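Where a number appears in this text, it was derived from the coordinates with a stated rule and is not lab data. Just so we're clear, the structure is a prediction, and the values are computed from it rather than from any experiment. Every residue, glycine as well, gets a Cβ built from its backbone with ideal geometry; the counts of neighbours run over all protein chains shown.
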């Protein structure tokens, strides 16, 4: 029998709060990316470095650090595997494109994220 994940979220929801499978996994991933590294009580290694480097020039070394960070975050969830991560800079922040595999179903999906420094928000595209 296939694994089925169930949960709920009120983020961006008006009536339907129940999430399942890939929808739930993506919400969990967004929660992880919404936390700055060092912000989580009792777990300072949780979260992402991206919020701390939004205003830095996107050098080759910084791009590599971000790709490594995103890969670790995606792979932190045992339901996912990061296959490819690309990072681009735009006027208000960083754009990430993450190719990943949802392991229970063994199918691929692409996630596009905008880390916007003007609004200090994470936007799923």
Spin-label pair residue 112/residue 36, simplified geometry with 7 Å Cα→Cβ offset, distance in nm: 2.8
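Shape of segment 6-124 from its Cα gyration tensor (a ≥ b ≥ c, root eigenvalues): rounded if a/c is under 1.5, otherwise prolate when a/b > b/c, or oblate? Provide the component values of the computation, followed by the final result.
Numbers: a/c = 1.61, a/b = 1.37, b/c = 1.17.
It comes out prolate by the Cα gyration axes.
How much length, in nm to one decimal, is gained on full extension between residue 121 and residue 88, taken as 0.36 nm per residue of separation minus their Cα-Cα distance? It would help to have the intermediate numbers written out before the result.
On the way: separation 33, 0.36 × 33 = 11.88 nm, distance 1.65 nm.
Taking residue 121 through residue 88 to full extension adds about 10.2 nm, to one decimal.
Ranked highest first by the average count of other Cβ atoms within 10 Å around their residues, in what order do 93-105, 61-73, 32-44 fall? Display every interim value, and only then the final one.
Values: 93-105: 18.1, 61-73: 16.5, 32-44: 13.1.
The packing order, highest mean first, is 93-105, 61-73, 32-44.
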Given a Förster radius of 25 Å and the C-beta distance between residue 77 and residue 54 as r, what FRET efficiency does 1/(1 + (r/R0)^6) yield to the nearest 0.05? 0.60
